Amino acid sequence: MSDSPLVLGFETSCDETAVAVTRGFEVLSNVMASQVDDHARFGGVVPEVAARAHVEAIRSLTHAALREAGVHSMDLAAVAATQGPGLAGALMVGFSYGKALAWALQVPFVGIDHMEGHLFAPRLEHDEYQPPAVVLLASGGHSQIIHMRDWGSYETLGATIDDAAGEAFDKLARFLGLGYPGGPAIDAESDDGDPRVVRFPRALPDRPFDFSFSGLKTAVVTYVRRHHAAGTLPAMPDIAASVQEAIVDVLVTKTLNAAEETGVPTVAAGGGVLANRRLRVRLAEECDARGLRLFLPSPALCTDNGAMIGAAAAFRLGRGESTSAEAEIDSSRRLSES
Ligand code: KG4
Ligand code: ZN
């Protein structure tokens, strides 16, 4: 895609200000400013703090993305930004900034679905990633299994009925005193743990593709309180590894159920939770055992980034689509099925 148009992509749906320059599915630069330190003292993302931090960071990050890519804003053929889902105030910063920049440069603007960005992320590193595929999307706000029949043609096979997988990691890490953000904290704590020490419940075995994580949360809280009072609490790494295994097990089992049911040859995945090392290993092992091809983005492209927005934009622009200057953010946007 070396003759593909240069796109500047913005992602500001949550707590990372991310900007990238992409050409088709090639990443020329991918920079971000994480707000982890701003939110850590509150133990979670504070929407107003996130929006303000995006405003403060976006201009200099845009310059950094252009500089690192070695391009000038005049070279850009389009600007893209996440339209939703996400935190309204946070989305508004990248979306408005992107629209204004596109207008000033007189180039098309494309509003991108955040989950479609995650869905396109594996394509940035794997030319062979092609539909039909079953795609696991697991982030802080969403957990879904998608049957991608073709690029742009998605059927949601299952989703969480309560907490998202990342949310479960975050809430449980907070309860266990492991800090914020919870996913990386549990991932790290599990290093020296044995996942077989506690068998926490795996929810919804009778609903093949849906998830539920709130029961796990209750089970962990009850277990820890009881064993703490009795003086029989296992070591923290063992608890963390057991919690991680319960979440990973459900995500892997249901994704592979979906691959089997649909008969696709390919499994792909994206979203921050896919940075989890145990999840990556388990998916690779299970896909290997079944002769399925697996496409995972590298961890930095699993968590929110601007390059995935550029990749989805390349696809949308290639179809002749763009977004009008009157368009607004949609904080509860759902991946459209077609
Ligand atoms: O996709 P993402 O960066 O932002 C959203 O769209 O929400 O996902 C963030 C989520 C957080 O809940 C975070 O705890 C989780 O991804 N996460 C992880 C890991 N790294 C990030 N969860 C488990 N293990 C990790 N290593
Ligand atoms: Zn995300």
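For 72, 118, 54, what's the fewest-to-most ordering of other Cβ within 10 Å of each Cβ?
72, 54, 118
Using only the Cα atoms of the chain, construct the convex hull and provide its projected area averaged over every direction, in square nanometres to one decimal.
Hull-based average projected area comes out at 16.7 nm².
Using the Karplus curve 6.51 cos²θ - 1.76 cosθ + 1.60 with θ = phi - 60°, work out ³J(HN,Hα) for each residue of the stretch 6-22 in order, rounded to whole Hz, and write x for Gly and Pro.
Ordered by residue, 3J(HN,Hα) equals 6, 10, 9, x, 10, 9, 9, 7, 9, 10, 10, 8, 10, 9, 9, 10, 10 Hz.
Please list the non-local residues whose amide H lies under 5 Å from the amide H of residue 268, H modeled 1.01 Å from N, same-chain partners needing a gap of 5 or more.
Under 5 Å from the amide H of residue 268 lie the amide H atoms of 134, 135, 136, 295, each far enough along the sequence or on another chain.
So, counting K/R as plus one and D/E as minus one, what does the shell of residues with Cβ under 11 Å around residue 46 add up to?
On the way: positive: 41, 52; negative: 15, 38, 48.
Residues close to residue 46 contribute a combined charge of -1.
To the nearest Å, what is the center-to-center distance of the stretch 94-127 and the stretch 267-338, using C-alpha atoms only?
Between the Cα centres of the stretch 94-127 and the stretch 267-338 lies a distance of 13 Å.
With Cβ to Cβ distances under 10 Å as the rule, what net charge do the other residues near residue 183 carry (K, R +1; D, E -1)?
Within the 10 Å Cβ shell, the charges total -3.
Run through the stretch 79-176 and list the GluC sites (Glu not before Pro) located in a DSSP loop whose Cβ has at most 16 other Cβ atoms within 10 Å.
Counting only loop positions with at most 16 other Cβ atoms within 10 Å, the GluC sites (Glu not before Pro) in the stretch 79-176 are 125, 128.
Hey, can you grab everything whose amide H is under 5 Å from the amide H of residue 83? Only 5+ residues off in sequence or another chain; H modelled, so Pro and N-termini drop out.
Long-range HN contacts for residue 83: 112, 113, 114.
To the nearest 10 degrees, how steep is helix 306-318 against the longest Cα principal axis of the chain, on a 0 to 90 scale?
Relative to the chain, helix 306-318 is tipped by roughly 50 degrees.
In the stretch 130-296, what percentage of the DSSP-assigned beta bridges are antiparallel, given to the nearest 5?
Of the beta bridges lying entirely in the stretch 130-296, close to 60 percent run antiparallel.
What list of ³J(HN,Hα) couplings, whole Hz, do you get for the stretch 206-214 from phi and the Karplus terms 6.51, -1.76, 1.60, once you set θ to phi - 60° and write x for glycine and proline?
Those phi angles translate into 8, 10, x, 10, 8, 10, 8, 10, 6 Hz.
Report the far tail of the P(r) of the stretch 198-304, meaning the percent of Cα-Cα pairs longer than 19 Å.
Pairs farther apart than 19 Å: 52 percent.
Each residue of the stretch 235-244 in order: what ³J(HN,Hα) in whole Hz does its phi give by Karplus 6.51 cos²θ - 1.76 cosθ + 1.60, θ = phi - 60°, with x for Gly and Pro?
5, 4, x, 5, 5, 4, 5, 5, 4, 4
What is the Cα radius of gyration of the stretch 130-296 over 2.2 N^0.38 Å, N being its residue count?
1.03
Against the longest alpha carbon principal axis of the chain, how many degrees, from 0 to 90 and to the nearest 10, is the axis of helix 47-69 turned?
Approximately 60 degrees, to the nearest 10.
With a cap of 12 neighbouring Cβ atoms within 10 Å, and only residues DSSP puts in a loop, list the trypsin sites (Lys or Arg not before Pro) found in the stretch 43-97.
none
Can you list residues from other chains, or at least 5 along the same chain, whose modelled amide H is less than 5 Å from the amide H of residue 323?
Amide H to amide H, under 5 Å and 5 or more residues apart or across chains, residue 323 pairs with 109, 110, 111.
Per-residue counts of other Cβ atoms within 10 Å, averaged by peptide: what ranking do you get for 278-291, 36-49, highest first?
Values: 278-291: 15.7, 36-49: 13.9.
Top to bottom by mean Cβ count within 10 Å: 278-291, 36-49.
Helix-only estimate, please: 222 nm mean residue ellipticity of the chain, summing -39500 (n - 2.57) across DSSP H runs of length 4 or more and dividing by its residues, to the nearest 500. Provide the component values of the computation, followed by the final result.
Values: 11 runs with 147 residues, N = 338.
Calculated mean residue ellipticity at 222 nm is -14000 deg cm²/dmol.
Laboratory data are not the source of any read-out in this text; all were calculated from the coordinates shown. This is a predicted model, so every value here is computed, not measured. Because the Cβ atoms are built from the backbone with ideal geometry, glycine has one as well, and the counts that use them run over all protein chains shown.
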